[in-house]
Amino acid sequence: MIRSILIHPDPRLKKVCDPVAEITAEVTALANDMLETMYDAPGIGLAAPQIGVMKRVLVMDCIKDGPPEPMVLINPAVIWSSEDVATYEEGCLSIPDQYAEVKRPAEVQVRWLGLDGVEHERQFAGLWATCVQHEIDHLDGKLFIDYLGPLKRQMITRKMEKLKRERARSV
Ligand code: K1U
Ligand code: ZN
């Protein structure tokens with residue numbers, strides 16, 4: 001089922017999410033809905049709070065050409081970050097049509113629980129590294145605009161408030 005995506009500003013996008021205690025049928029259904037919602041948007045990642053679910057679950061697929069590579073990460077944690085950084089022009093499905101350059105560690109080692117209940121670990125680089133850090137930030141109530149200066153952040157927030165008002169008027 002495709003879920004609707006929350007638009008900034010929304011208090012749910014500022015909260016720290018709760019760890020998942022157990023992989024249940026409900027968590028599996030949530031992950032499947034998130035993948036469907038991400039591919040439909042379209043996006044390369046999605047975190048549970050973006051659909052109003054305050055759990056530490058994220059999905060991503062950064063393959064542009066070639067067969068899809070959907071990933072589901074439960075309770076993800078960055079256990080190592082490279083010293084070298086990479087700058088990427090980021091977007092966010094909760095902040096439509098706004099992009100800005102963000103500097104993050106170029107590579108990260110992440111540990112998470114899979115839907116199979118098994119602990120996984122992988123080193124991410126390139127767009128995968130940027131995306132997994134952006135999504136983990138969502139689980140901690142942080143948006144990419146929080147890395148920008150206050151003026152730029154305020155300008156984007158005002159645009160989003162206007163967008164939400166316009167959307168509310170057209171329903
Ligand atoms: O978390 C999100 O809001 C999803 C976001 C992920 C992301 C994008 C760029 C850098 C870091 C993280 C998006 O997917 S925005 C849409 C997007 O990037 C995209 C959409 C269609 C094709 C390719 C990319
Ligand atoms: Zn985002």
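Summary table
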quantity	calculated
Loop-located trypsin sites (Lys or Arg not before Pro) in segment 52-87 whose Cβ has at most 11 other Cβ within 10 Å (DSSP)	LYS64
Rounded percent of accessible protein surface that carbon and sulfur make up, segment 11-169, 1.4 Å probe	51
Antiparallel %, DSSP beta bridges [both residues in segment 11-169], to 5	95
Mean Kyte hydropathy of -0.5 or more with a Cα span along the axis of at least 18 Å, helices from DSSP in the chain	25-40, 126-139
Residue-normalised accessible area of the chain, given per residue in Å² at a 1.4 Å probe	53
Volume of the Cα convex hull of the chain, divided per residue and given in Å³	121
Top positive-direction residue, dipole computed over segment 11-169 with Cβ charges, set LEU127, GLY149, MET34	GLY149
D (Stokes-Einstein, µm²/s), Kirkwood Cα radius, segment 22-65, 0.692 mPa s at 37 °C	306
Unit charges on C-beta of K, R, D, E only; dipole of segment 1-151, Debye	380
Model label zone, SER170; criterion: amide N under 18 Å from point 7 Å along Cα-to-beta-carbon; scope segment 24-56	41-42
The chain: relative contact order in percent, alpha carbon pairs under 8 Å with at least 6 residues between	24
Lysine pairs within segment 1-120, Cα separation less than 25 Å, 8 or more sequence positions apart or different chains	5
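The values are calculated or read from the model by the stated rules, or taken from the named source; none is laboratory data. Source: prediction; values computed, not measured. Heads up, the Cβs are rebuilt from the backbone with ideal geometry, glycines too, and the neighbour counts pull from every protein chain shown. These area figures cover heavy atoms from the full protein model, side chains too; ligands, DNA and RNA do not enter into them. Shrake-Rupley method; radii C 1.70, N 1.55, O 1.52, S 1.80 Å.
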